[in-house]
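Engineer: Here it is, the structure in full.
The values are calculated or read from the model by the stated rules, or taken from the named source; none is laboratory data. Nothing here was measured: the structure is a model prediction, and the numbers come from that model. Glycine gets a Cβ as well: all are built from the backbone with ideal geometry, and neighbour counts include every protein chain shown.
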Amino acid sequence: MENRVKEIISAVLFGAMVALIIYAASQTVVYHPFLRIQNAIDDSHFRHRFIIEGAEGYETGRIVIIDIDDRSIQELGRFKLWPRRLFGKVIGNLKREGAESVFLDVILMEGGFHRDNNALADSVKSAGNVISGYYFNLDAPSTKQRPLDPVFNQELSSTVLEAESLSKNHFIKAEQVFLPYRELIKAARSMGFTNYVPDPDGVLRHIPLYIKYGQKLYPSASLQIWLDHRGISTSQVHIAPDGVSLGNEFIPTDRHCFMRLNFTGSRPVFQTVSFVDVFNDNYEPGIFKGKIVMIGSSSNQLGDIKRIPGFNPVPGVEVHATALSTLLSERFLTVTSGNIILVITLLTGIFSSVLFSFASPVKVGLPVVMGFPIGLYLVALYSFIAHSCLINISLPSFVMVLLYIVLTIYHIVEDYEKKNTGEEIPYNTR
């Protein structure tokens, strides 16, 4: 009995040690492999959720996209040579149709003919509901920020690696700004930046709500549209390391002020109308009434195609539309705390070590090691669908599989040695 207790204690300590080593490695030397695996798991949730529940409840019907597609470029000529009065006519049509607001995801910088520039600015001023996009050049450290990573324990790592207090936000910073031409800036109701920060694999999973430029914070285009839609001024905004508060509204973010994008459905999700059709008044009456309209491009000629989790690449304007639908629907994605994952990983290591030390590796161990990751995935999928929460299952799954392999090899070697020495094998379950 005393020996069995010692064996159990040894198994517990061994499992805990392996779990802690794997967890520490996942935060340092093998961080990126674990991140790739977990991102692939999380990305699959979007496809499965669409099959189960569709895209209901995500406010996608509130948004209409006007697409500068290949057909528009073919019929209206090379995009760089488009006179800016074309945009003015489209915005005039949207005003007549009763669009709530219009986002221009095309940065029309200084240049062009003065008459055309004035025509567009006059249309924008007359409409009174146009939000113009602009673009920041980020400084080098900011381009490497990886927020809300599902394998990263922000609290633990920040305490160890950084001197700054977690009570402070670490906004990404810009070193240069590219603005539309001056008359358009004056005519627009408001402005928002159009920057994205993809993950190392090039997939867009989040978007910064604020970027710091100089000593001021500037909102993203999707956030600015939402603020205008809700009638909220910047003076009502309170930013904390865990999110942005706007009165009774709370948008969860990380300390870099990044929000997870809640992608919905199979593509395309948002109702889309070709730019040339809007220009030629060839569209369904009432399609824009009371809607938030975004003007962007799906054409490869303009190079604004982005990779997103779970689906084929989409136009950049659809990323902004997804960010806005996430805000409108309040279906915010969160990531389970790294400390909780640490506890789960530790308990998994202890359980696995004890089980595989005394149970048959074939009759008991193999079904458990095959069923455990599947069970975890189903739990994670339920958490994603029901609570919009991502759970890191790669770490505990890897710990269990590793312990199964190590302890199974140990049992095989141990049994082989006992057979050669003539010793009796004490456990019939092996």
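Engineer: Tell me, which strands (runs of 3 or more DSSP E) lie completely within segment 186-274 with 3 or more residues that are of a type outside the set (S, T, N, Q)?
Structural biologist: It comes to 190-193, 206-208, 210-213, 216-219, 237-240, 243-246, 249-252, 258-260.
Engineer: So which of Ile295, Ile350, Ile340 ends up being assigned to a helix (DSSP H, G or I) and in contact (Cβ under 8 Å) with a residue 24 or more places away in the chain?
Structural biologist: On the way: Ile295 fails: assigned to a helix (DSSP H, G or I); Ile340 fails: in contact (Cβ under 8 Å) with a residue 24 or more places away in the chain.
Every option except Ile350 fails the conditions.
Engineer: Can you go through Thr60, Thr28 and tell me which one is over 17 Å from Val276 (Cβ atoms), surrounded by 19 or more Cβ atoms within 10 Å (Cβ to Cβ), under 31 Å from the mean Cα position of the chain (by Cα) and among the β-branched types (Val, Ile, Thr)?
Structural biologist: Checking each option against the conditions leaves just Thr60.
Engineer: Next question, about the same structure. Return the only residue of Leu328, Leu324, Leu302 being surrounded by 22 or more Cβ atoms within 10 Å (Cβ to Cβ) and touching a residue at least 24 places away in the same chain (Cβ under 8 Å).
Structural biologist: Residue meeting the stated conditions: Leu324.
Engineer: Now a separate question. What single numbered condition from (1) surrounded by fewer than 16 Cβ atoms within 10 Å (Cβ to Cβ); (2) modelled with pLDDT under 90 fails to hold for Gly338?
Structural biologist: The failed condition is (1).
Engineer: Then there's this: Between Val203, Val269, which is in contact with a Lys or Arg (Cβ under 6 Å, 6 or more places away or on another chain) and assigned by TED's automatic domain parsing to the domain that holds Met109? Working first, answer last.
Structural biologist: Values: Val269 fails: in contact with a Lys or Arg (Cβ under 6 Å, 6 or more places away or on another chain).
After applying the criteria, what remains is Val203.
Engineer: Are any residues in segment 156-185 in a helix (DSSP H, G or I), at pLDDT below 90 and surrounded by 14 or more Cβ atoms within 10 Å (Cβ to Cβ), and if so, which ones?
Structural biologist: Leu156, Ser157, Ser158
Engineer: May I pose another question? Is it true that some residue in segment 250-270 is without any contact (Cβ under 8 Å) to a residue 40 or more places away in the chain, over 17 Å from the mean Cα position of the chain (by Cα) and on the phi < 0 side of the Ramachandran plot?
Structural biologist: Let us first name the residues in segment 250-270 that are without any contact (Cβ under 8 Å) to a residue 40 or more places away in the chain, namely 250.
Applying the additional criterion that residues be over 17 Å from the mean Cα position of the chain (by Cα) yields 250.
Adding the requirement that they be on the phi < 0 side of the Ramachandran plot leaves 250.
Within segment 250-270, one or more residues are without any contact (Cβ under 8 Å) to a residue 40 or more places away in the chain, over 17 Å from the mean Cα position of the chain (by Cα) and on the phi < 0 side of the Ramachandran plot.
Engineer: Turning to a different aspect of this structure: Would it be correct to say that Ala240 is out of contact with any Phe, Trp or Tyr (no Cβ under 7 Å at 6 or more places or on another chain) and in the same structural domain as Leu324 (by TED's automatic domain parsing)?
Structural biologist: Details: out of contact with any Phe, Trp or Tyr (no Cβ under 7 Å at 6 or more places or on another chain): yes; in the same structural domain as Leu324 (by TED's automatic domain parsing): yes.
Spelling it out, Ala240 is indeed out of contact with any Phe, Trp or Tyr (no Cβ under 7 Å at 6 or more places or on another chain) and in the same structural domain as Leu324 (by TED's automatic domain parsing).
Engineer: Quick check on my filter: what residues within segment 294-327 are within 25 Å of Val244 (Cα to Cα) and either over 16 Å from the mean Cα position of the chain (by Cα) or not hydrophobic (A, V, I, L, M, F, W, C) (or both)?
Structural biologist: Within segment 294-327, Met294, Pro309, Gly316, Glu318, His320, Thr322, Ser325, Thr326 qualify.
Engineer: Output yes when any residue across segment 71-80 is surrounded by fewer than 18 Cβ atoms within 10 Å (Cβ to Cβ), under 30 Å from Leu407 (Cα atoms) and at pLDDT below 95, and no when none is.
Structural biologist: no
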